[in-house]
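Single-structure report; data block below.
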């Protein structure tokens, strides 16, 4: 394959990636991202409270992220996700780092 | 073959990269103590850091999986950011990449890496971020946060300093984390962006998005005279004229200094010519 053919070959290979195929892939990914962000923002989770026995607090995924960042939840021996501190207490400020 | 005499818009952007990184650094370092850890920023910045505005998406994904929860919010943010910008996030926005860029400016001998070194990132992503949290838990010694050098530099070391000043027991990092951090810090002086190119799981994801992102590196074969100047400009051993959508590209745009302007920044909304060579 001479140099011009190599360039033309590359052009055809790249044109597909920069053309409509790329635009449609982008739109599909944006739609998927928006759906996941909306679903993640709206859904609720209910970790049990290891300190306060049976009290279950319903939290959003954002609150869950906040708790993860301060070591506020852990998995119990039974496999349940539990809060590690009571309402009004300070979180442990410990994370896996 | 006409040689360009004026700078393109993309070439004019290059000097602004360091200022863009610096501006975003101010956003990530939580100057107003907002502590918005409920939301992930699409960059590598440990939420254990006393100065972190947002949560680290990799830490949130791995920990959520360890708890048996699918982190839709974090994955959605990564997908949205990747679909819009791809590797531009690594090259222009990520604070950990910025740190490595700054250290790379120190005049030490720099060694090249083979392009296959980038595949280790996928091993880290699949193994340490997805499989180990799923099959074990966040206490496992190979859990991503247990080995992450960003966690060591941004969170562990400040905590160790604080503990030593206050007379408390010093929270030493484990052996693997210490080894990875020491190798990473030493590597920064001799390899351009060692973390991003060999181990970063977030970089691996955004590298994949280079194929689909709205903003991408556009190669115009009709302008190329195969001078291979772009190969010399690239600090990541990417061949932009052959693989402009390479997984290893962080879109630093240095290759767009091509004398014939064959490489520019394009978007999915640009109009495309229908014939090669036009």
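The values are calculated or read from the model by the stated rules, or taken from the named source; none is laboratory data. Note that the coordinates shown come from a computational prediction; the quantities given were computed from them, not determined experimentally. Counting neighbours? That spans all protein chains shown, and the Cβs are built from the backbone with ideal geometry, glycine included.
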Criterion: within 13 Å of chain A (Cβ to nearest Cβ), in contact with a strand residue (DSSP E or B) (Cβ under 6 Å, 6 or more places away or on another chain), at pLDDT below 95 and farther than 25 Å from residue B:57 by Cβ - qualifying residue of B:162, B:218: B:218
Output the residue which, of all residues in region A:63-97 that are closer than 22 Å to residue B:147 by Cβ and surrounded by fewer than 15 Cβ atoms within 10 Å (Cβ to Cβ), is modelled with the lowest pLDDT. A:94
May I ask you to verify whether residue B:269 is at pLDDT below 90 and outside any helix (DSSP H, G or I)? yes
Considering only residues that are within 25 Å of residue A:28 (Cα to Cα) and free of Cβ contacts under 8 Å to residues at least 40 places away in the same chain, look in region B:38-63 and name the one that is farthest from the other protein chains (Cβ to nearest Cβ). B:41
Residue ID - nearest to residue A:66 (Cα to Cα), chosen from residues in region B:1-37 that are part of a loop (DSSP other than H, G, I, E, B) and either touching a helix residue (DSSP H, G or I) at 6+ places or on another chain (Cβ under 8 Å) or touching a residue at least 24 places away in the same chain (Cβ under 8 Å) (or both): B:29
